[in-house]
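Here it is, the structure in full.
Each value in this text was obtained by applying a stated rule to the coordinates, not by laboratory testing. It should be emphasised that the depicted structure is a prediction, and the values quoted were computed from it without experimental measurement. A quick note on method: Cβ atoms are made from the backbone with ideal geometry, for glycine too, and the neighbour counts reach across all protein chains shown.
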Amino acid sequence: MNKRVTLKVTLPKIPDIELVALEGLERLARHLGIAEDKIGEAKILVTEAIVNALEHAGDKNPHVRVEFTMTTKEITILVRDYGEGFEPGSVPTPDINAKMGSKDKRGWGLHLMKSLSDDFHIESGKTGTKITIKKLLQ
């Protein structure tokens, strides 16, 4: 039997609120007996997705919706903000050499999420952005 559990939460734009989602993720994963290293990787994905979404949520709808659907085999992470959106193809891949000599060390979030996930998809438009991430847990 492959049990499926889902958690949905709406997070307001306040400091460290991503910790609420991480606690939920960890509880789901432990309930299903997921290995610690896979929980850690999923937590990195969730943190990056939520922090990015909150940063770009805007002031009209300063919140993000987060949904996890998890089985013993995989997790699907959906993170949705209601900001102005962006063109995903216009975000450059960060150059580590350029970042090392710069004061701006930011810009690694999308690259990190793509590299840690098994499937990564962005939908973005004038009413916001939705990131869908799949991560295998076995």
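In this structure, does residue 57 turn out to be touching a Gly at 6+ places or on another chain (Cβ under 6 Å), closer than 21 Å to residue 128 by Cβ and of a type in the set (A, V, I, L, M)?
yes
Looking at the range 24-57 only, could you name the residues that are over 14 Å from the mean Cα position of the chain (by Cα) and surrounded by fewer than 16 Cβ atoms within 10 Å (Cβ to Cβ)?
Hits for the range 24-57 are 27, 30, 31, 33, 35, 36, 37.
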